[in-house]
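Engineer: Pasting a structure below so you can have a look.
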Amino acid sequence: MRVLVLCPHYAPDVAPTGTVMTAIADQLIAQGHELHIVTSLPWYRLHDVEPEWRGRPWRTERHGRSHITRVHPFPTDKSNLRARALGFAGFIGVSSLVALFSRRRPDVVFAMSPPLPIGVAGLVVARLRRAPFVFNIQDVFPDVAVELGLLTDRRVIRAASALERFAYRHADAVTVLSDDLRDNVTAKLGRQRRRPTRVEVIPNFVDTVAIVPASKDNDYRREHGLIGKQVVMYAGNVGLSQSIGLLLEAARVLQDRADVVFVINGGGAARPSLEAASADLPNVRFVDYQPIERLPEVLAAADIHVVPLKTGLAKASVPSKLYSILASARPVLASVDPNTEVARTLEAAGAGISVAPDDPVAFIHALVAMLDDPATAEAQGIAGRRFVESWVSPGAVATAYAELFATL
């Protein structure tokens with residue numbers, strides 16, 4: 001089967017969605033499918049094209065019968081929505097042209113969102129190439145932007161919502177990561193005059209082979225002066241969707257505890273303001289994104305991992321970092337909406353504690369309880385690992401997609 005993939009990130013880019021798509025693509029190729037992946041030049045870590053990839057507006061790589069075309073992502077300031085929209089428009093326009101003139105007609109077109117307009121691009125390419133279209137939703141937009149207060153103009157919200165419904169209704173299938181996201185998408189489909197769109201739940205995989213429990217006293221801890229400390233870590237995008245300020249409030253309350261250090265590993269639009277706000281806190285460390293091959297080591301270095309989503313976002317987003325943390329056998333403290341995927345997973349696995357979002361009192365109370373009872377926290381980490389060992393592998397997720405493509 002020939003699969004044309006449109007996605008904003010792909011290895012060696014370190015974006016979580018790029019990691020997911022790369023693993024799925026690798027497994028599809030291993031199963032004998034032929035892929036043409038149209039993506040961007042790596043840019044997520046610096047929010048600019050990586051130095052070694054500069055100098056050319058696009059690049060093509062061949063890997064047997066499959067190949068990758070990387071085009072310029074037109075990166076802009078993430079906090080400037082207008083500029084960011086123009087940057088995405090540039091990337092989507094160029095990538096659509098590349099996809100349209102792909103040498104061989106695909107059997108299926110597969111696009112990953114965000115950004116939302118990539119769904120329309122995938123749909124246009126699929127119709128012109130006479131192939132079915134599958135739209136994969138990692139985060140539901142514009143819901144996330146509205147909840148964050150980034151989109152407030154009612155006309156823009158209506159236009160984005162109309163674009164979202166159009167993409168869903170004209171896709172042959174929409175795939176989502178959880179029951180929450182399925183309910184969200186299904187509610188927006190309403191009554192369809194044409195054949196109803198299929199909405200399938202295909203969760204992201206857990207790579208329990210690459211990520212295994214390991215000693216916390218590792219090179220990462222030694223490099224950052226963390227040996228002998230209880231490390232509370234947030235690892236991932238330091239963006240506007242995450243309530244990382246909760247860690248700073250906890251650090252301020254607990255700054256007299258010399259044994260506790262808070263580590264924020266990653267980068268993003270919110271990092272400069274967080275660094276400024278914590279300049280007087282000696283128990284807070286900021287660490288840049290690490291190469292993807294160091295992920296197991298980074299995860300192992302923490303005693304407690306934090307997954308903080310702002311109010312309302314857990315219904316529209318499922319952080320893939322949760323499953324990697326569970327695979328590393330570390331406990332999780334989540335600050336998320338109740339009865340959503342993250343909260344339900346932690347409860348089912350017995351892998352940590354979930355508190356209401358944006359509630360510093362509840363967050364600090366739960367964190368202190370975990371810090372003061374390391375035996376229970378360790379048992380929660382072990383329970384989380386046991387829970388995900390029975391979950392789907394990258395190969396199983398790729399097979400689920402291949403079977404869906406075949407039915408279309």
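The values are calculated or read from the model by the stated rules, or taken from the named source; none is laboratory data. These figures come from a predicted structure and were not determined experimentally. We place every Cβ from the backbone using ideal geometry, glycine too, and count neighbours over all the protein chains shown.
Engineer: Of the conditions (1) part of a helix (DSSP H, G or I); (2) under 28 Å from L116 (Cα atoms), T311 satisfies every one except a single condition; which number is it?
Structural biologist: So the condition that T311 fails would be (1).
Engineer: Being assigned to a loop (DSSP other than H, G, I, E, B) and surrounded by fewer than 20 Cβ atoms within 10 Å (Cβ to Cβ) is the requirement here; does H47 meet it?
Structural biologist: yes
Engineer: Looking only at residues in the stretch 329-357 that are surrounded by fewer than 18 Cβ atoms within 10 Å (Cβ to Cβ) and among the charged types (D, E, K, R), which one is farthest from V318 (Cα to Cα)?
Structural biologist: E347
Engineer: Kindly establish whether A121 is part of a helix (DSSP H, G or I), on the phi < 0 side of the Ramachandran plot, surrounded by fewer than 15 Cβ atoms within 10 Å (Cβ to Cβ) and modelled with pLDDT under 95.
Structural biologist: no
Engineer: Same structure again: Can you give me the number of residues within the stretch 185-205 that are modelled with pLDDT under 90 and closer than 22 Å to Y401 by Cβ?
Structural biologist: The total comes to 7.
Engineer: Looking only at the stretch 133-164, count every residue that is farther than 21 Å from G312 by Cβ and in a strand (DSSP E or B) and tell me the total.
Structural biologist: 4
Engineer: Examine the stretch 125-132 for a residue that is in the same structural domain as A85 (by TED's automatic domain parsing), over 21 Å from the mean Cα position of the chain (by Cα), of a type in the set (D, E, K, R) and not in a loop (DSSP other than H, G, I, E, B), and state whether such a residue exists.
Structural biologist: yes
Engineer: Considering the stretch 212-225 alone, what residues qualify as being closer than 24 Å to R385 by Cα, in contact (Cβ under 8 Å) with a residue 24 or more places away in the chain and of a type outside the set (S, T, N, Q)?
Structural biologist: Within the stretch 212-225, V212, P213, A214, K216, D219, Y220, R221 meet the criteria.
Engineer: When you scan the stretch 157-169, do you find a residue that is in contact with a Pro (Cβ under 6 Å, 6 or more places away or on another chain) and either touching a residue at least 60 places away in the same chain (Cβ under 8 Å) or outside the structural domain of A402 (by TED's automatic domain parsing) (or both), even just one?
Structural biologist: no
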